[in-house]
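I have placed the structure first, in the form of C-alpha cells, so that the comments after it can refer back to it.
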Amino acid sequence: MAQVKETIELLTKVLNRNGTSKIKAEIFRLAKFNDEDATESFWKLLFELLYFCKYGVIDEVTIKAYSELSREELAVYVKREMQALGFTSYAFSSLPNDMSQGSRELLLAFAWLLCKGSLIDKFMDKCASPVEEDLSVYQLNNLDDSNFNNHLTANKPLNPAQKVQHLQYLNGKLRSSLRRLYALQQQKNKLQHKILKLLEKDNDRLQCMLTWKKQEDVFWKWMMTFYNIPPDSIRLMNSARKQLEEAIMKYESVIVQLEEIWESQRDGISTQELDYLLASINMEISLQQANLALDDTETMLNHRDPHLSYIKANKQGKKLTNLTEPSRYSFESKEQNDYGVDVRTEISQLEIQLQRLENELFKKQSNYKTELDNMASNIPDVICIQPMSC
Amino acid sequence: MMSVITIQVGQCGNQIGGQLFQTLIDDVNIKQSQTLVSPFKNEEYKEEVLNRFFTYDTTSSELPKARAVMVDMEPKVIAQTCANAQKSGKWLYPEKQQFCQQKGSGNNWAHGYCVHGPVAQENVMELVQREAEKCDNVSGFLSLLSLAGGTGSGVGAFISKCVRDEFPHAFILNQVVWPYHTGEVIVQNYNAVLTLSHLYRTADALVVMENDSLHKICSQLMNIKKISFKDINKVICHQLASFLQPAPLEKFPDFTIQNTLGEIMDHMVSHPDYKLLTVKNIPHMSEKSIEFSTFQWHGLLKHLRQMLIAGASMEEGIDWQIQVGTETPRGSTSHYRSLANLLILRGKEVNTADTSAFTDPNIYTPWMPTGGTLLQGRQPRSFYQYEKSAVLLSNSRSTIGPLNTMIGKAWNMFSSRAYVHQYTKHGLAEEDFVDSFVTLEQVISNYSKL
C-alpha cells in the first residue's frame, strides 16, 4: 500500500495548513504499532484539534496553553473533552496521564474525532472567511445634493482677477483631490494584494482538503487493518461480550424483583401523594365555608360547625375516614385561628348575626302571639293573657 | 491607515522631532480620568495616533517606533535625541534609519544644499523609501528643519526636493521657525530666504512659527523664567500636535472624515500660490495652572477669533480695536484676511461650542467659495490635560509681516554683495539668489492682495 504513505502525508499537510503543529506521517505508522515515541505528538495533536472544535481556531493561545499546562492537566483535559464529545472508550480513558504510552489508542481517538467531529468540513468552513467577513459597505448617505453642488461655487459675482484666482483655486483643489484619490487607489491595491494572498493560501488549503476527500478511503482502510494485527483481539472481544451477557443474566433476577416491587407498590398510593391530596381538599372546603359563613344563618341557627374538615387517617389505615364533626361550634377552632381573622370584622359579623337572631326572635314571638290569639278566639269564654315579652 | 513619515534634518529638526514624538506619546498616555471619554474611545484614539506616527505591533511587547528618518551632518544631536527617546521608556526611534556625517556645514546654506545634499541623497532616500514601505499608506511627509541654519536648511531643502521627485503624489508639510529678529548668525537672513524660496517650490505647505512669539508664549503664558530651546521646542510641538492628533472633521453636513495630512492640506493649501500656514492655540499655560483653571467655549473662541483677525500669535496683548467689515473703497482691510481656516476643538462639551463667528464671509477673501473657508473638527477626547482647548490652523495674511522684514534685511546685504562669495564658491549662482528674492516677493504680493 504505497498510496497509504502519500495519503497520510496529505493528511498531515491538511492538518498543518489548518494550524496544528507539524506532525510526520511516520508518527502515524509508529502509532499503529503502539510505539511510545508517537504518544506525545498525538496528545498534542488531539489537544489542538479539540481546541479547534471548541473555539474554531488554533492560535497563539493554543500554543501558549499547551506549553504552560502540565502533562497531566493536558491529558485529563483531552480525555474529558473526548468524553464530552461522545468518545467513551475505556481503554482511552485509562491511558496513563503522564503521556508515556498508548499511542494506538490515541490514533484511534484521533480517527474517531476526524470522522465523527467532521473536522475536514469544519476546516473547510473556516476557509475563505476573511473575504466574507468585514464586507461592510461604506456608503455616503444624507449628502444633500444642493449643499454639495454649491460647495465650491463663488458666493458673489467676481471681477475677472478674482475669477482667475477662483479658477486657480478650483484647479488646485482638483489636483489635490486627484492626489488623494491616487493615494487611496494605492492603498486599495495594497489591500487587494493582501486579500489575494490570503485567498491563494485558502485556495491551497481547500485544494489539499479536496484531494484528501478523494483519497480518504485509503486512510480508513489503513485504519481498519488495525483489527488484523492483534491475533487475540477477536477472542478478547468475544470474551468481553460473554462477560457482558453473564453480567446481564446476573442482574436479570434483581431486575425482575424490582419490577415486582414496583407493581405491588403501585396499588397503594404513596403517603406523600395522600398528604398532598388532603391538604388541597381541606383548603378547598375551608374556602367554601368561609364564603358561606357570612349569610348562611340557617347553619348558624342549627348550631352546626361550618368548619368541616377531613382528618387524615392514621398511617396504617387503608380507608379514609370521611366527615368528622367537632361537637361544638367555636370560633376558636384551630382552623379559624390559622386564617388570622381580624377581631373587628369578627365582632361586626357577630353583631349582624345577633341582629338577625333578634329579628327572628321578634318575628316568631309575634307569630306565636297571633297564633295564640287565634287559638284563644276559637275557645269560648276564655281570655288570653299573653306572656310578658322578654 | 494613513501614516505620516517625519523627516528630521539638522540640529533644530532633530530636536523638534524628538520633542514632537514625545508630545504625541505624552498626550496618548494621559490619565484615563483626564481623557474625558470612555476607555474604549480613548483606546481608539491611541491606536490612531500610534498608527499615524509610529510603527508598532499589537501582539509583541516592543515599544512603538517613530516613523522617522533622521539626517544630520554631525552625529552628536542624533545620538542625543535617540537616547532621550529610549530614556522615556515609551517609544523608540527605528534602528538604522539615521544618516549622519562627521562634519557640519558651518552655517553655510550653499554648502548644505550643493555639497552635502547630493552626497547624502542616495542614502537618505533609501531610508525614506524603507520607512514608506512600513506603511499601508503614506499620507504624507512632515519635514522639520530650521530656516536659518546651515545644514538643516541647506540639506533639508535639498532632501525636500528629492522627496517631491520620488513621491510626486504625496503631501509634504514643512515646519519652519523664523529666526529671532536679532539673530545669532549674521547670514541667517540669506539662509532663510534661500530655504524658504526652495521649500515654497517643493512643499505643499509651510507651517511658520516665529522664535520671538514662541519666546513670548514661554515667558508670558507659561511663566518660564529661564527659557531654554527645550521649552520653545515644547511649545512648537504642542502647536503641531494640536492639529495633527486625531480629530473628526466635519467635511460636509452629516459627514465627518479623519484629519489626515491629506485632508488638512486639501483644505488649507489648494491654491498653489498660498502655502504659508500659522498655528494659533488657546489656552497655553504651565502645567501647574491647568488644574486651577476653567474655561468657557464662548470666551476661548472669542479670543481665538480676535487672534485671527488681529494676527496675534497668543491670547495676551491682542489688539481688540481691529474689527471685521471695515473695508476701504479700494477693498483693503485693516484685519488679517484668511484664505482658509481649520478649527479643531478638543475636550469637554465640544458639541455645545458655537463656531459661527469663524464662518463670517468677511474674514475670508471674496473669491473663496464657502466650502473652502472653514473646516472644523470636534474631538471630545481632551488634549494634553486641557479640559477644553482649541487650535486654529490658518492660511492668512498674518505671516507676511516677518517675511517682509527678513527679505528686506537680506536684500540690503545682497545689494552690497556681502558674504555672497561664500555661497558662490560652493556652486550657488547670484541668479539663484535673485530667483529666491523674486519667488518670495511674489508670495508677499499674493498675500497682500488677499
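What follows draws every value from the coordinates through simple rules; no lab data is involved. Please read these numbers as outputs of a predicted model, since none were measured by experiment. Neighbour counts are summed over all protein chains in view; Cβ atoms, including those assigned to glycine, are modelled from backbone coordinates with ideal geometry.
Just to be sure I understand: of the beta bridges DSSP finds with both ends in the stretch B:281-397, what percent are antiparallel, rounded to 5? Within the stretch B:281-397, antiparallel bridges account for around 65 percent of the total.
A Gaussian network model of chain B, with springs between Cα atoms under 10 Å, assigns the largest mean-square fluctuation among B:ILE309, B:ILE290, B:ILE232 to B:ILE290. With the helix formula -39500 (n - 2.57) applied to DSSP H stretches of n ≥ 4, the protein assembly as shown reaches a computed 222 nm mean residue ellipticity of -18000 deg cm²/dmol. Using C-alpha pairs under 8 Å with a sequence gap of at least 6, the mean separation divided by the residue count of chain B gives a relative contact order of 17 percent. Taken as Cα centroids, the stretch B:215-235 and the stretch B:52-108 sit 25 Å apart, rounded to the nearest whole angstrom. Protection proxy ranking of B:270-280, B:14-24, B:209-219, by the mean of other Cβ atoms within 10 Å over each peptide's residues and highest first, is B:14-24, B:270-280, B:209-219. Across peptide B:129-140, the mean count of Cβ atoms from other chains lying within 10 Å of each residue's own Cβ comes to 2.
A simple charge model with +1 on the Cβ of Lys and Arg, -1 on the Cβ of Asp and Glu and nothing else charged puts the dipole of the stretch B:3-278 at about 840 debye relative to its Cα centre. Shape analysis of the stretch B:234-373 places it in the oblate category; the axes a ≥ b ≥ c from the Cα gyration tensor give an a/c of at least 1.5, with a/b not above b/c. Partner shielding of A:166-179 amounts to 6, given as the average count of beta-carbon atoms from other chains within 10 Å of each residue beta-carbon. A simple charge model with +1 on the Cβ of Lys and Arg, -1 on the Cβ of Asp and Glu and nothing else charged puts the dipole of the protein assembly as shown at about 3880 debye relative to its Cα centre.
Working note: Karplus 6.51/-1.76/1.60 with θ = phi - 60° gives the stretch B:55-71 the couplings 9, 7, 10, 5, 7, 9, 8, 5, 6, x, 10, 4, 7, 9, 10, 10, 10 Hz, where Gly and Pro are set to x. Between the C-alpha center of the stretch B:182-211 and that of the stretch A:359-390 there is a gap of 139 Å. By the gyration tensor of its Cα atoms, with a ≥ b ≥ c the square roots of the eigenvalues, what is the shape of the protein assembly as shown: rounded for a/c under 1.5, prolate for a/b over b/c, or oblate? Judged from the Cα gyration tensor, the protein assembly as shown comes out oblate (a/c at least 1.5, b/c at or above a/b).
Classification of the stretch A:1-47 by its C-alpha gyration tensor yields an oblate form. The axis ratio a/c (a ≥ b ≥ c) is 1.5 or more, and b/c is at least a/b. Normalised by the number of residues in the stretch B:281-397, the average gap of Cα pairs under 8 Å and 6 or more apart makes the relative contact order 34 percent. Taken along its three principal axes, the alpha carbon spread of the stretch B:401-448 comes to 35, 16, 13 Å, from the longest extent down to the shortest.
Computed from backbone phi with θ = phi - 60° and the Karplus coefficients 6.51, -1.76 and 1.60, the 3J(HN,Hα) list for the stretch A:31-38 is 4, 4, 8, 6, 6, 5, 4, 8 Hz; x is used for glycine and proline.
Other protein chain C-beta atoms within 10 Å of residue C-beta, averaged over B:253-260: 2. Placing +1 on the Cβ of every Lys and Arg and -1 on the Cβ of every Asp and Glu, with no other charges, gives the stretch A:2-127 a dipole of roughly 360 debye about its Cα centre.
Take A:39-47, B:259-267, A:250-258 and order them by the average number of nearby Cβ atoms within 10 Å per residue, most first; the result is B:259-267, A:39-47, A:250-258.
Centre-to-centre separation between the Cα atoms of the stretch A:18-86 and those of the stretch B:6-48: 45 Å.
Using the Kirkwood radius over Cα pairs, work out the Stokes-Einstein diffusion coefficient for the stretch B:3-278 at 20 °C and 1.002 mPa s, in µm²/s as a whole number. D = 112 µm²/s.
Take every pair of alpha-carbon atoms less than 8 Å apart whose residues are at least six positions apart; their mean separation over the length of the stretch B:88-219 yields a relative contact order of 26 percent. A straight Cα-to-Cα reach below 14 Å connects B:LYS348 with the aspartates and glutamates B:GLU387, residues fewer than 8 places away in its own chain not being considered. Using θ = phi - 60° in the Karplus curve 6.51 cos²θ - 1.76 cosθ + 1.60, the 3J(HN,Hα) couplings for the stretch B:244-250 round to 8, 5, x, 7, x, 9, 8 Hz; x is entered for Gly and Pro. For B:ALA68, the amide hydrogen comes within under 5 Å of the amide hydrogens of B:THR6, counting only partners 5 or more places away or on other chains and with H modelled in the peptide plane.
For B:ASN137, the residues whose amide H sits under 5 Å from its own are B:SER3, ignoring neighbours fewer than 5 places away on the same chain, with H placed 1.01 Å from N. When peptides A:188-201, A:85-98 are ranked by their average number of other Cβ atoms within 10 Å per residue, the highest-first order is A:85-98, A:188-201.
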